[in-house]
1. Looking at (1) farther than 20 Å from VAL10 by Cα; (2) basic (Lys, Arg); (3) at pLDDT below 85, can you tell me which one LYS84 breaks?
2. Which residues, counting only those in the range 33-70, are open to solvent by 30 Å² or more (accessible area, probe 1.4 Å), touching a residue at least 24 places away in the same chain (Cβ under 8 Å) and over 17 Å from ASP2 (Cα atoms)?
3. Of the residues ASP8, ASP30, only one is at pLDDT below 90 and of a type in the set (Asp, Glu); which?
4. Would you tally the residues in the range 10-29 being charged (D, E, K, R) and within 14 Å of ASN46 (Cβ to Cβ)?
5. Please enumerate the residues belonging to the range 1-14 that are open to solvent by 80 Å² or more (accessible area, probe 1.4 Å) and not hydrophobic (A, V, I, L, M, F, W, C).
6. Run GLN19 past the list (1) open to solvent by less than 80 Å² (accessible area, probe 1.4 Å); (2) of a type outside the set (A, V, I, L, M); (3) out of contact with any strand residue (DSSP E or B) (no Cβ under 9 Å at 6 or more places or on another chain) and report the number of the one that doesn't hold.
Amino acid sequence: FDYKTFFDKVGLNAKSKDQLAKVFGILDQDRSGFIEEDELKLFLRNFSASARALTDAETKAFLAAGDSDRDGKIGVDGKTAFIKW
């Protein structure tokens, strides 16, 4: 799974800050203000119910790319940066 290619193909790179905030809200299923590893694992299913879950390795690599402060989660403060890595 190449998240950069995925973001390009689904058009997330061209979305406004408000639109990206909505995407973040969908991914942040527990409304904690963070996207944690268990939520990120199911990332693709937020776009298609029939999509596969990410593997553990894919999830960890994806999380590492978006976890700017290395606390094990992607914070709401970086929600727009999350899509535009």
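1. For LYS84, the failing item is (1).
2. Result: PHE34, GLU36.
3. Working: ASP30 fails: at pLDDT below 90.
Unique residue meeting the criteria: ASP8.
4. Our first condition is that a residue be charged (D, E, K, R); within the range 10-29, this holds for 15, 17-18, 22, 28.
Cutting the leftovers down to within 14 Å of ASN46 (Cβ to Cβ) gives us 22, 28.
Residues in the range 10-29 being charged (D, E, K, R) and within 14 Å of ASN46 (Cβ to Cβ): 2 in total.
5. ASP2, LYS4, ASP8, LYS9
6. (1)
The values are calculated or read from the model by the stated rules, or taken from the named source; none is laboratory data. Since this is a predicted model, take the numbers as computed values, not measurements. In this analysis, Cβ positions are derived from the backbone assuming ideal geometry, glycine residues included, and neighbour counts consider all displayed protein chains. Remember, those area values only see protein heavy atoms, side chains included, never the ligands or the DNA or RNA. Shrake-Rupley method; radii C 1.70, N 1.55, O 1.52, S 1.80 Å.
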